[in-house]
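To start, the structure under review is shown below, and the notes come after it.
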Amino acid sequence: MVKRRIALIGVPVLLCGLLSACGGNSNGGINANGSVTGTLRIFSYADAFAPNVFDAFTKANPDLTVEKSEIASDDGAVAKLKGGFKTDVVNTCAGPIDDEVANGSLQPIDTSRIKDWNQIYPFFTNFKGVQSGGKTWMLPLIGGAYGLVYRPSAFPIPPTSWMDLFTTNKRVTSPDDPLTNIVTAALALGYFPPQSMTKDQLNNVQDLLIKQKKHVVTYYQGAGAALATLWKNDEVDITALDLSLVNELKGQDIAFAPMSIPLAYACGFSIAKDAKNLDAVYAYLNYALSPAVQTVQATSYSYLVSSKLTVAGLPASVLAKSGQKNLDSYTKAATYGRANDQAAWTKLWQNVKGS
Amino acid sequence: MLPIGYLVLIPLFYVPVVLLLVKAFQPDNGGGAFSAFTSVFSEGHLLGTIRQSFEIAGLSFGLMLLLGYPLAYLVCFKMQQRFQLPTLLLLVMSGSISDIVRIFGWYSLLGREGVINSALMHLGITHAPVDGLLFSRFAVVIVLTSGWLPYVVIPIYSAMRTIEARQLEAARDLYSSPFATFKNVVLPMSTPGILGAFIIVFIPVLSDFATPQLVGGPSSLMIGNFVSDQVLQVGDLPAAAAAAALLLAMSVVLIGVAQRVTRKFHGG
């Protein structure tokens, strides 16, 4: 009898335990004070978890359990989601989001649940990948524009065009990804927009990247930390990047040269296909779009921010430094997005690496 | 009845290998059984990458032998018994340091502002930092050697331990020179250890991808990088599985050859 009672109680308990261990997610709810409950899984780059960015959210929602997972690279995140990694919210950017949508890793965002959606600049809402097929896939939060980051001691005359990255005999580095390399080579050769290159143009891009290899020290992996290490150890002189590294290494031998046609990007959060606790998801998305969070991103990281409400409260010096004042001109920039023929791009990049 | 070891081997080794082969021979895009292999070989650089992987793994293993064999010899024959185990333990500990930590340790040695360049400049041998110590094939070989050296020393040491003192005494009694003793007694009897080290070390080194990625130059790719790129950048799992299956086949051949040679030395 006792055994049977144990079984009656134990089996459901065990099943509940197994379900939660296998990724079963509490649907959560909303408390009377407006805070959300349950569990929220966030898969993001580390900067979203920085205390000055994230902690206010957990303080405002004390009954919410947050499970954080860090993204190491765009490609890694796409592959992990495709492989069935369970999360509710995923940090993504224009570029990888096209793959995530194609892979069925995301669900569309209900913009009516984003309180300040109408306050987002069209530059961001119209960015390639944010909306497609009549659906919204990403809440755009931050952006930036690539130029050339260089070492002034190696370049007494600052670089002025993308071609300088390919004709220099100084030490070059690039991320190990097809997109940045192919787009910058295309811009150097004057092909615009890079995403619609012809076969001949792609061949010219490949040749240019192969010629550049003798000056490439390494194709670095992952996010900015690897590049910062290379720069601090005096291993490289020039790379294509936004302002982030220049701000991080302020006062060191580093400077930023803007390009006449910059390479613009936009990043934000998307909702994963299997997200269940949507109250918590939308609470987090609204929090991420709030002026409190975006102000930190604009001031600490010099990102372009997506909300007009944030920009209204930022000092002119911050706006000038991040380039927010030039936002309208960035609509003519090349966009950091997947190619029309992505397979040709990945093959091209494999050819360059294997050459 | 299956030996108990198979209860572990089947789910943890054979099932993943079978799944890998299924993926390699049954591509998602509905192509023929060998289409993933054809696609992999249509990447003109794969053969070059395989050749480079063998060169890097061969050079690394050669360097490991050059350093590891004398070390094993010294520990086995020239060191007091009570110091032998602690020395080997220290070696094992050095091999168990995280790869990332060890690799970044080499940054501070081989980098432009690293210890070696600083010493060269301080001694007036060079006037500017030498490029190419880091982010080169040289760096890949050095870092692989440092990481895997303990796994070369230990099997060779174990083989040397089987050499009995009386065998060495017999050689001396027959007026054998130290070199002849080494050549006719120590080397043949420690060869199974060298072959064991080869099996343990060469194959993982051949398939390494983190080391070339972190300290190699833009042209220091190995086959492990090719597989990793097929998964992470190209998103072509059948091609990755086909390349991994090729690597597996090469490993099986190498192990087979090493086993045959080992048997020969054991007189089997």
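The values are calculated or read from the model by the stated rules, or taken from the named source; none is laboratory data. Every value quoted in this text rests on a predicted model; they were computed, and no experiment measured them. Because the Cβ atoms are built from the backbone with ideal geometry, glycine has one as well, and the counts that use them run over all protein chains shown. For accessibility, only protein heavy atoms count, side chains too; no ligands or nucleic acids. Shrake-Rupley method; radii C 1.70, N 1.55, O 1.52, S 1.80 Å.
Each residue in segment B:93-105 was checked for being within 12 Å of chain A (Cβ to nearest Cβ) and within 18 Å of the chain's Cα centre (by Cα), and 2 of them qualify.
Filtering segment B:186-198 for residues that are aromatic (Phe, Trp, Tyr) and crowded, with 17+ Cβ neighbours inside 10 Å leaves a non-empty set.
Yes/no per residue for (1) among the charged types (D, E, K, R); (2) within 19 Å of the chain's Cα centre (by Cα):
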residue: A:ARG113; (1), (2): yes, no
residue: A:LYS128; (1), (2): yes, yes
residue: A:ILE142; (1), (2): no, yes
residue: A:PRO159; (1), (2): no, no
residue: A:ASP164; (1), (2): yes, no
residue: A:PRO178; (1), (2): no, yes
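Give the residues of segment A:50-72 that are under 18 Å from the mean Cα position of the chain (by Cα) and crowded, with 18+ Cβ neighbours inside 10 Å, sorted by residue number. The answer is A:VAL53, A:PHE54, A:ILE71.
With respect to the conditions (1) away from chain B (no Cβ under 14 Å); (2) assigned to a loop (DSSP other than H, G, I, E, B); (3) in contact with a Lys or Arg (Cβ under 8 Å, 6 or more places away or on another chain), A:ASP253 lacks only one, and its number is (1). Within segment A:78-90, the residues that satisfy the criterion of being more than 10 Å from chain B (Cβ to nearest Cβ), open to solvent by less than 50 Å² (accessible area, probe 1.4 Å) and either at negative phi or touching a strand residue (DSSP E or B) at 6+ places or on another chain (Cβ under 8 Å) (or both) are A:LEU81, A:THR87, A:ASP88, A:VAL89, A:VAL90.
If you go through segment B:70-77 one residue at a time, do you hit one that is among the aromatic types (Phe, Trp, Tyr), in contact with a helix residue (DSSP H, G or I) (Cβ under 6 Å, 6 or more places away or on another chain) and away from chain A (no Cβ under 14 Å)? No, every residue in segment B:70-77 fails to be among the aromatic types (Phe, Trp, Tyr), in contact with a helix residue (DSSP H, G or I) (Cβ under 6 Å, 6 or more places away or on another chain) and away from chain A (no Cβ under 14 Å). Within the option set B:ALA244, B:ALA249, B:ALA240, being part of a helix (DSSP H, G or I), within 11 Å of chain A (Cβ to nearest Cβ) and closer than 30 Å to B:PHE37 by Cα holds for one residue only, B:ALA240.
Annotation note: Cβ proximity below 7 Å between a residue of segment B:212-233 that is at the interface with another protein chain (Cβ under 7 Å from one of its Cβ atoms) and a residue that is among the small types (Gly, Ala, Ser) and open to solvent by 10 Å² or more (accessible area, probe 1.4 Å) (sequence gap 6+ or interchain) occurs for B:GLY217/B:SER136; B:LEU221/A:GLY354; B:VAL231/A:ALA79; B:LEU232/A:GLY76; B:LEU232/A:ALA79.
Within segment A:152-208, being within 14 Å of chain B (Cβ to nearest Cβ), open to solvent by 30 Å² or more (accessible area, probe 1.4 Å) and of a type in the set (A, V, I, L, M) holds for no residue. If the condition is being modelled with pLDDT of 95 or more and among the basic types (Lys, Arg), then segment A:61-85 contributes only A:LYS68.
A:THR346 meets the stated requirement of being of a type in the set (S, T, N, Q), touching a residue at least 12 places away in the same chain (Cβ under 8 Å) and within 14 Å of chain B (Cβ to nearest Cβ). Quick check, is B:VAL92 over 21 Å from B:SER207 (Cα atoms), of a type in the set (A, V, I, L, M), open to solvent by 50 Å² or more (accessible area, probe 1.4 Å) and touching a helix residue (DSSP H, G or I) at 6+ places or on another chain (Cβ under 6 Å)? Yes, satisfied. From the list B:LEU47, B:LEU85, B:LEU65, B:LEU9, the lone residue that is surrounded by 11 or more Cβ atoms within 10 Å (Cβ to Cβ), of a type outside the set (D, E, K, R) and modelled with pLDDT of 90 or more is B:LEU65. Contact annotation: residue pairs with Cβ atoms under 9 Å, 6 or more positions apart or on different chains, pairing a residue in segment A:224-235 that is facing another protein chain (nearest Cβ under 8 Å) and without any contact (Cβ under 8 Å) to a residue 24 or more places away in the chain with a partner that is buried (at least 22 other Cβ atoms within 10 Å of the Cβ) and among the aromatic types (Phe, Trp, Tyr), are A:THR229/A:TYR220. Taken over segment A:115-151, the criterion of being of a type outside the set (D, E, K, R), open to solvent by 20 Å² or more (accessible area, probe 1.4 Å) and more than 28 Å from A:PHE256 (Cα to Cα) is satisfied by A:TRP117, A:ASN118, A:GLN119, A:GLN131, A:SER132, A:GLY133, A:GLY134, A:TRP137. All conditions but one from (1) touching a helix residue (DSSP H, G or I) at 6+ places or on another chain (Cβ under 9 Å); (2) in a helix (DSSP H, G or I) apply to B:ARG51; the one that does not is (1).
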